[in-house]
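Have a look at the structure below before the remarks.
The values are calculated or read from the model by the stated rules, or taken from the named source; none is laboratory data. This is a predicted model, so every value here is computed, not measured. Because the Cβ atoms are built from the backbone with ideal geometry, glycine has one as well, and the counts that use them run over all protein chains shown.
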Amino acid sequence: MIISNTQEVPGKTIVEFFGLVSGSTVRAKHIGQDIMASLKNVVGGELTGYTELLSEARGEAIRRMSHQAEDVGANAIVNVRFATSSVAQGAAELFAYGTAVTVE
Amino acid sequence: MELLVLLVTPVMLLGAWISGGMLERRHLKSLLLLESGSSGVLAITIEDLPPDWHVESCELVMGNVVISQDYFKRVAASIKSIFGGNIGVLEPLLERARREALIRMKGVAHARGYDTIINVRIETATLASSRGNGKGTAGVEILAFGTAISLTNGRGAKV
């Protein structure tokens with residue numbers, strides 16, 4: 001599965017469109033890491049726990065999107081976009097979407 | 001109780017001021033080092049390639065960072081926002097986070113054998129606080145992503 005955020009896959013041509021595919025996931029860290037993060041909030045700097053949380057979650061969203069694209073028979077996803085929203089305290093929704101296509 | 005608050009707040013402010021500043025300087029120093037290391041990867045925001053670039057393979061790469069402001073600067077910013085205008089204390093934080101996210105994205109591309117990233121986008125999202133009433137933010141996430149490409153005959157000298 002080729003995933004790209006450009007309108008076309010560089011070096012290849014699109015032969016068929018399958019429409020929108022998307023994947024989303026809502027994740028939260030356990031309470032211990034939330035407490036660590038709130039302590040880190042006092043001195044500032046990077047909140048490593050949350051960085052990991054979001055990159056894992058984004059990976060999962062992309063995996064779900066790829067599965068959806070595989071199911072419709074595509075071999076690439078172009079113009080991928082991401083959206084993040086904080087649905088609840090300490091949890092984040094990661095949403096990835098793009099257009100499933102066949103490239104040659 | 002009131003006495004405790006009176007004592008704790010200045011200590012927290014002072015502690016945050018000292019350690020926050022220290023962490024910021026240390027981060028800036030490491031950024032300079034990392035930026036000189038990742039300079040081999042070219043990141044551009046355009047997606048149309050020059051016609052003489054022949055792409056062999058491509059892949060989505062990203063780098064993210066969640067960063068938070070120290071307590072002292074949050075208080076300073078809330079005082080400054082009464083008067084409005086440019087809130088200078090918050091700018092270096094976002095600047096640092098963006099540079100860090102870009103470095104991580106370039107690092108991923110470099111590790112996978114790509115030397116160019118096209119159509120780079122940078123997004124910002126705030127995370128809800130995990131405690132209290134959910135007001136305020138636990139941090140700001142900066143995400144940098146783009147399509148890493150490798151070229152069959154290398155990148156031309158003229159870019």
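Only one of B:Leu28, B:Leu33 is assigned to a helix (DSSP H, G or I) and free of Cβ contacts under 8 Å to residues at least 24 places away in the same chain; which?
Selected residue: B:Leu33, the only one of B:Leu28, B:Leu33 that is assigned to a helix (DSSP H, G or I) and free of Cβ contacts under 8 Å to residues at least 24 places away in the same chain.
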Original post:
over 23 Å from B:Tyr114 (Cβ atoms), part of a helix (DSSP H, G or I) and at pLDDT below 85 - does that describe any residue in segment A:14-31?
Top reply: yes
Subject >> Among residues of segment B:81-102, those that are in contact (Cβ under 8 Å) with a residue 24 or more places away in the chain and either farther than 11 Å from B:Gly63 by Cβ or buried (at least 20 other Cβ atoms within 10 Å of the Cβ) (or both), counted >> reply: 8
**OP:** Collect the residues in segment A:68-88 that are within 9 Å of chain B (Cβ to nearest Cβ) and either of a type in the set (A, V, I, L, M) or in contact with a helix residue (DSSP H, G or I) (Cβ under 9 Å, 6 or more places away or on another chain) (or both), keeping them in residue-number order.
**Re:** A:Ile77, A:Val80, A:Phe82, A:Ala83, A:Thr84, A:Val87, A:Ala88
Original post:
What do you reckon, is B:Lys106 touching a residue at least 40 places away in the same chain (Cβ under 8 Å) and away from chain A (no Cβ under 14 Å)?
Top reply: yes
Original post:
Does segment B:127-141 include one or more residues that are more than 10 Å from chain A (Cβ to nearest Cβ), out of contact with any His (no Cβ under 8 Å at 6 or more places or on another chain), modelled with pLDDT of 75 or more and in a strand (DSSP E or B)?
Top reply: no
Original post:
Among the residues of segment A:50-58, is there at least one that is touching a residue at least 40 places away in the same chain (Cβ under 8 Å), buried (at least 19 other Cβ atoms within 10 Å of the Cβ), in a helix (DSSP H, G or I) and under 14 Å from the mean Cα position of the chain (by Cα)?
Top reply: yes
Original post:
Based on what the data block shows, is A:Lys40 free of Cβ contacts under 8 Å to residues at least 24 places away in the same chain and surrounded by 14 or more Cβ atoms within 10 Å (Cβ to Cβ)?
Top reply: yes
**OP:** Please work out which residue is surrounded by the fewest Cβ atoms within 10 Å (Cβ to Cβ), limiting yourself to segment A:1-13 and to residues that are more than 12 Å from B:Glu59 (Cβ to Cβ) and under 23 Å from the mean Cα position of the chain (by Cα).
**Re:** A:Gln7
